[in-house]
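Visitor: Quick one: structure below, then a few questions.
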Amino acid sequence: MVNLILIDTQGRKIDYVRISVTDRCNLRCVYCMPETGMKMATHEELLSFEEIERLCRILADVGIRKVKLTGGEPLVRKDFVELVRKIKAIDGIEKVTVTTNGVLLADVMDELAAAGIDGINISLDTLNPKKFEEITRRDLYSEAYRGIQKALTYPEIPLKLNCLPLGFNGQNLMDIAELAKDNKLHVRYIEVMPIGMGKKYEFLGENQIIKILEEKFGKMVPFEEKLGFGPGHYYSIDGFQGKIGFISSISHKFCSSCNRIRLTSEGYLKSCLQYETGRDLRKLLRLGAKDEEIKEAIIQAIEEKPVGHLFLSDNIDQEENHTMSQIGG
């Protein structure tokens with residue numbers, strides 16, 4: 001296979017796709033989904049795994065090398081591990097990773113490892129069970145923590161914990177950080193996106209978190225090596241087994257180096273998280289489009305990838321109106 005390189009109009013190399021396999025979730029995090037009344041996609045509206053596999057082959061042909069599988073909660077979808085196995089077998093795809101809330105992970109971690117998963121990201125906003133229930137609206141902390149413990153039994157598979165600092169009393173960001181001190185994993189603090197339910201919350205910025213952490217753990221030293229294939233950057237702390245990372249899309253805007261596109265669970269290809277613009281690949285698939293036609297639609301969407309987001313602006317055309325669970329957060 002010829003290794004194609006896909007470059008957008010801003011000179012950014014696009015080699016990473018985040019694919020949502022479902023908009024359903026077994027949690028109801030306050031910044032992501034409403035507690036009730038959420039209209040979910042029907043089975044027919046979701047891309048089938050065969051359609052996802054076909055799109056991954058086409059994406060690989062145009063230069064995508066890394067695939068992140070997300071939801072909603074991806075592990076609620078039946079036969080998810082088989083999808084991982086099939087995408088791993090595609091020529092040109094170098095890495096397949098998953099982002100999960102961890103609730104179902106302990107039960108499938110052995111199968112995911114056997115399928116060749118290249119990395120696990122677990123969303124965890126607190127180690128306080130009561131605060132966990134308040135944030136997620138579900139009493140499932142013990143299941144999520146069990147998922148982390150199970151993932152740690154596979155030290156060869158990189159493990160990252162994603163935490164959204166929300167400024168809630170009792171969230172205790174230092175407790176989360178200590179997991180990177182005592183275990184072989186990385187903790188990443190992610191600024192909450194002002195999209196959907198996230199618009200209700202003010203993010204706690206990177207500089208604020210660094211100040212809090214340094215007061216307890218000492219100097220944080222920038223770690224120059226890249227960990228993973230997303231926009232995270234990392235710090236070392238003396239005595240820590242893992243790193244402390246940040247994805248700071250608001251306070252440290254990284255759009256100039258963005259290498260990703262997103263595919264929603266209903267097959268809509270987005271070149272930027274903030275905007276509704278993109279291409280309906282499900283429609284093309286189901287109208288019987290040939291691979292070359294779908295490739296052209298993908299390339300067109302990438303050519304229209306904006307220079308960057310305008311989250312702090314009040315004047316935005318075609319702003320995204322779906323929740324993060326519907327987009328693939």
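The values are calculated or read from the model by the stated rules, or taken from the named source; none is laboratory data. What you see is a predicted model; the values in this text were computed from it and never measured. Glycine also receives a Cβ, built like all others from the backbone with ideal geometry; neighbour counts cover every protein chain displayed. Please note that ligands, DNA and RNA were not included when accessible areas were found on the heavy atoms of the full protein model with its side chains. Shrake-Rupley method; radii C 1.70, N 1.55, O 1.52, S 1.80 Å.
Visitor: Which value, in nm² and rounded to one decimal, describes the direction-averaged projected area of the C-alpha convex hull of the range 2-94?
Guide: With the hull built on Cα positions only, its mean projection is 7.5 nm².
Visitor: When all C-alpha to C-alpha distances in the range 209-253 are sorted into bins of 10 Å, what percent of pairs does each bin hold, rounded to whole numbers?
Guide: Pairs per bin, as whole percents: 26, 53, 20.
Visitor: With θ taken as phi - 60° and the coefficients 6.51, -1.76 and 1.60, list the Karplus ³J(HN,Hα) couplings across the range 62-69 in order, rounded to whole Hz; mark glycine and proline as x.
Guide: These are the phi-based 3J(HN,Hα) values: 9, x, 6, 10, 10, 10, 10, 9 Hz.
Visitor: Could you check how much of the accessible area of the chain is carbon and sulfur, as a whole percent, using a 1.4 Å probe?
Guide: 49
Visitor: Here's something else I'd like to know. Do any of Lys78/Lys130; Lys66/Lys243; Lys86/Lys150 go past 26 Å between their Cα atoms, and which?
Guide: Beyond 26 Å between Cα atoms: Lys78/Lys130.
Visitor: If you don't mind, there's one more thing I want to ask. If I fit a long axis through the Cα atoms of helix 141-151 and take the longest principal axis of the Cα atoms of the chain, what angle between them do I get, 0 to 90°, rounded to 10?
Guide: 70
Visitor: Oh, and also: Could you tell me which of Asn26, Ile298, Leu185 has its Cα farthest along the dipole of the chain towards the positive end, charges placed at Cβ (Lys, Arg +1; Asp, Glu -1), taken about the Cα centre?
Guide: Toward the positive end, the furthest listed residue is Leu185.
Visitor: Rg and Dmax of the chain over Cα atoms: what are they, in angstrom?
Guide: Rg then Dmax for the chain, in Å: 19.0, 59.
Visitor: Over the chain, with the other protein chains present, what is the accessible area per residue in square angstrom, probe 1.4 angstrom?
Guide: Here the per-residue accessible area is 45 Å².
Visitor: Moving on. Need one number: convex hull volume per residue for the range 39-86, Cα atoms only, in Å³.
Guide: 92
Visitor: Follow-up question, since we're still on this one. Wrap a convex hull around the Cα atoms of the range 58-215, take a quarter of its surface area, and give that in square nanometres.
Guide: Mean projected area of the Cα convex hull: 10.5 nm².
Visitor: Taking Rh as the Kirkwood radius, which is the inverse of the mean 1/r over Cα pairs, what is the Rg/Rh value for the range 88-178?
Guide: Over the Cα atoms of the range 88-178, Rg/Rh equals 1.03.
Visitor: If you line up the long axis of helix 291-303 against the longest principal axis of the chain, both from Cα atoms, how many degrees apart are they, to the nearest 10?
Guide: Around 50 degrees separate the two axes.
Visitor: Enumerate the amide H contacts of Thr100 below 5 Å, restricted to partners 5 or more residues apart or on another chain; note that Pro and chain-start residues carry no placed amide H.
Guide: For Thr100, the qualifying residues are Asn121, Ile122, Ser123.
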